[in-house]
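Have a look at the structure below before the remarks.
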Amino acid sequence: MSLVNERPIIFPFSNPTSHSECTAEQAYTWSKGKAVFASGSPFAPVTFEGKTITPGQGNNVFIFPAMGLAIFATEAKKVTDEMFITAAEAVAEQVTESDFENGLIYPRITDILKVSLNVAVKVSEQIFNSGLAGIKRPKDIRAMIESRMYVPSYEQQ
C-alpha cells in the first residue's frame, strides 16, 4: 500500500485486538510512519523515528450512542440518512489538527462523553430543523440533551 499511496489508509477493524489484521506498529513501520490508521480495538502509542504516533480507535461508539440519545431526547418520528451524515460530520469536527498530526483521525476515546454530547446536540438540531421532532424545540438544546444524558459516576472505595 505504501508503494502506491503517499498516506495509505489502514483500518484493521477485527476484534479483539489479537485478531486484528495488523498492529499499529506494523502499519506505521511498513508505511514508514505515513499510514492513516484506525482500528476496532485499542493499540498503544507507537514511536517511529523519534515521533510518537497515537493510533485511533474507529468504531460505532462515536455514532450510535449519541444518535440514540438525540432520537430519545427529541422523540424523533423517524431516523434519516441525514441524521447519520450530521453525526459523522459532528464527530469529524471534533478532531483537531494537532490530533491528526499525532496520528488520530477520530476523537480521543477518553473524550467519549464530550464527543457524544456534541454529536447528540448536532443531531438534535438537525431533527428539529427537519420537523421530525415529537416535542417542541427547547430554547437550549444542549441543556436539554445534558439533562437526559447518562453520566457514569462511581463511588471511590
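I'm checking my understanding of the structure. Among residues of region 121-134 that are out of contact with any Ser or Thr (no Cβ under 6 Å at 6 or more places or on another chain) and of a type outside the set (S, T, N, Q), which one is farthest from Lys77 (Cα to Cα)? In this case the residue turns out to be Val121.
Residue selection: Thr47 satisfies the criterion of being β-branched (Val, Ile, Thr), more than 23 Å from Arg148 (Cβ to Cβ) and either at pLDDT 90 or above or assigned by TED's automatic domain parsing to the domain that holds Ile141 (or both). Comparison of Ser41, Ser20, Ser14 shows that the only residue that is at pLDDT below 90, within 18 Å of the chain's Cα centre (by Cα) and more than 23 Å from Val115 (Cα to Cα) is Ser14.
Test Met67 against the stated conditions and say whether it is surrounded by 14 or more Cβ atoms within 10 Å (Cβ to Cβ), touching a residue at least 12 places away in the same chain (Cβ under 8 Å) and out of contact with any Leu (no Cβ under 7 Å at 6 or more places or on another chain). The answer is yes for Met67. Where strands (runs of 3 or more DSSP E) sit wholly within region 1-69, those with at least 3 residues that are over 30 Å from Gln126 (Cα atoms) occupy 46-48, 51-53.
The values are calculated or read from the model by the stated rules, or taken from the named source; none is laboratory data. Treat the numbers as computed from the prediction; the structure is a model and nothing was measured. Neighbour counts are summed over all protein chains in view; Cβ atoms, including those assigned to glycine, are modelled from backbone coordinates with ideal geometry.
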